[in-house]
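Heads up, the thing below is written out as structure tokens.
The values are calculated or read from the model by the stated rules, or taken from the named source; none is laboratory data. Owing to the predicted nature of the structure, the values given are computational and were not obtained by experimental measurement. Cβ placement follows ideal geometry from the backbone for every residue including glycine, while neighbour counts extend to all protein chains displayed.
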Amino acid sequence: MLEFKNISVWLTIDDRHIIDDFNFTLNPGDKAVIIGEEGNGKSTLLKLVYNEASVLGYCGYSGKIIKKGTLGYLPQSLPEADGDLSLEQYFSGFDAYVNAHTLRQLGLSPLWASSGQPIKTLSGGEKVKVQLAWILMSQPDILILDEPTNDIDIETLAWLEGFINNCKLPVLFVSHDETLIENTANCVIHIEQLVRKTKCRITVARCGYAEYVEHRNLTFEKQGMVARKQRTDHDRQMDKWRQVYNRVDHEQRVITRGNPSGGRLLKKKMHAVKSQGRRLEKQEEDFLEIPQTEQAILTRFSSDIFLPGSKTVLDLFLPELAAAGKALSRNVELKVIGGEHVGIIGKNGAGKTTLLEVIWNALKDRKDIKPYYMPQDYARNLDYSQTVIDYLATKDTKNTKEFITKARTYLGSMKFTHEETTGRIEKLSGGQKAKLLFLEMVLLGANVLILDEPTRNFSPLSNPVIRATLAEFNGAIISVSHDRKYLDEVCDTIYELTGEGLL
């Protein structure tokens, strides 16, 4: 059992609360997903559950967490120290052959798990599978999964959905993959930061994700209609009251001294008018709040961006695609024309990221297009030691005030606070860093986007906005993704990278 009692969490750097008075019990059979916009404290809550010492360097908390049984925790990324181990060393506490069934569930073999291959040489998906295997071999009572869908291919995503659904253990997890959430979660925990991140709200709904979103939207729509009608009616009443007040006030000021009786009557009337005004003002205290949502607003690409269909953006042929001396695929052909949105899928380790690197190197110096590359490793583009605004300022060769003003406006529309805008990039969440890269490509006016897992760090409620923005983009997109909704809504053409090329 896992129980949260009156849990509040705040950031020590500015004493800002990210969770307030959270109460929840994870029961047997629960598949509870934590959702929320980027940087709202989802991973912090999971870390707090597993090991409070890991968050005390930047967070304080109050309340009580009751844990009964063993927790199996999958972090967002493999610990650096584990990357230097071989598979044999990593699984040294277990007999791979005794646990052969567990390994095979993940598509792994006991022989491979007993090998000397360094973990750091594995693909991102393989690293996730290895960690899951270790956790399952430990026979936990509760599973805590922080972004288990990162870096795994579509085939493994389908396996993971089945695993979560059939797992007899309660599962508490964070994911940005809407399809997986829709297919697995039976409980939704939604963490929100409202009023420019000065107010936090946490909602628990014991239902599926699609039902939660539908109910939330309907509730907010009805509440918004009622709240706005209350304010409209109130404004109308206040207008009438002001007319009466001004008339009585005018009459009081012009009445002659020779009519004391009339003066007394007007004074009584004014008293009644002021009383009515106080009653009207007090009514506002009982108004429903206009619903506030934390859905991210992504700055739109310029409508001026356009590449004609006759424009050849890419005409690539590779006799062999290789990485670190290892052949991954052969006879890779890819032709992309203006305005085309291409999605590339494939198993982990197939060479998709390597292929994007080749494409970027082929396009980056072209003068007839404006290409932009968004890699999986954001540190390749971003200087983490810089502040957000200083980083964006370096993108304007003329260093104009107009550019900085525009950047600040866009950052505000994307829900960056002043502290985040002027703070170091290293302090941002993965989703906020992804937003920064999107903003950069907008400001640069890129018309060819090379995107490696572009939606992987956005929240389920942000992702529909991201997909809609990219679907409307009039330039070319060449992307790798395992996000099934992204592939369906954004991509015109989908290729699978295999050992025999793009199929």
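Scanning for something in contact with a helix residue (DSSP H, G or I) (Cβ under 7 Å, 6 or more places away or on another chain) and closer than 25 Å to HIS341 by Cα, does region 415-429 turn up at least one residue?
no
Looking at region 151-176 only, could you name the residues that are aliphatic (A, V, I, L, M) and either touching a residue at least 24 places away in the same chain (Cβ under 8 Å) or over 18 Å from ILE34 (Cβ atoms) (or both)? Step through it out loud before you land on a result.
So in region 151-176, the residues aliphatic (A, V, I, L, M) come out as 152, 154, 157-158, 160, 164, 169, 171-172, 174.
ILE152, ILE154, LEU157, ALA158, ILE164, LEU169, VAL171, LEU172, VAL174 - these are the residues of region 151-176 that are aliphatic (A, V, I, L, M) and either touching a residue at least 24 places away in the same chain (Cβ under 8 Å) or over 18 Å from ILE34 (Cβ atoms) (or both).
Got a sec? Which of GLN243, GLN252 is of a type in the set (S, T, N, Q) and surrounded by 13 or more Cβ atoms within 10 Å (Cβ to Cβ)? Step through it out loud before you land on a result.
Values: GLN243 fails: surrounded by 13 or more Cβ atoms within 10 Å (Cβ to Cβ).
It is GLN252.
Report whether or not ALA407 is surrounded by 22 or more Cβ atoms within 10 Å (Cβ to Cβ), within 28 Å of LYS199 (Cβ to Cβ) and either small (Gly, Ala, Ser) or over 21 Å from the mean Cα position of the chain (by Cα) (or both).
Numbers: surrounded by 22 or more Cβ atoms within 10 Å (Cβ to Cβ): yes; within 28 Å of LYS199 (Cβ to Cβ): yes; either small (Gly, Ala, Ser) or over 21 Å from the mean Cα position of the chain (by Cα) (or both): yes.
It is true that ALA407 is surrounded by 22 or more Cβ atoms within 10 Å (Cβ to Cβ), within 28 Å of LYS199 (Cβ to Cβ) and either small (Gly, Ala, Ser) or over 21 Å from the mean Cα position of the chain (by Cα) (or both).
Please count how many residues of region 380-401 are modelled with pLDDT of 85 or more and not small (Gly, Ala, Ser).
13
Select from region 336-362 the residues that are more than 23 Å from the chain's Cα centre (by Cα) and either assigned by TED's automatic domain parsing to the domain that holds ILE154 or among the small types (Gly, Ala, Ser) (or both) and list them in ascending order.
GLY338, GLY339, GLY346, GLY349, ALA350, GLY351, ALA362
Quick one: count up the residues across region 488-500 that are in contact (Cβ under 8 Å) with a residue 40 or more places away in the chain and surrounded by fewer than 18 Cβ atoms within 10 Å (Cβ to Cβ).
Keep residues of region 488-500 that are in contact (Cβ under 8 Å) with a residue 40 or more places away in the chain, which gives 490-500.
Checking which are surrounded by fewer than 18 Cβ atoms within 10 Å (Cβ to Cβ) leaves us with 492-494, 496, 498-500.
Matching residues across region 488-500 total 7.
Considering only region 440-462, I want to know if a residue exists there that is outside the structural domain of LYS197 (by TED's automatic domain parsing), assigned to a helix (DSSP H, G or I), in contact with a helix residue (DSSP H, G or I) (Cβ under 6 Å, 6 or more places away or on another chain) and over 16 Å from HIS176 (Cα atoms).
Of the residues in region 440-462, the ones outside the structural domain of LYS197 (by TED's automatic domain parsing) are 440-462.
If we keep only those that are assigned to a helix (DSSP H, G or I) as well, we get 440-443.
Narrowing further to those that are in contact with a helix residue (DSSP H, G or I) (Cβ under 6 Å, 6 or more places away or on another chain): none.
No.
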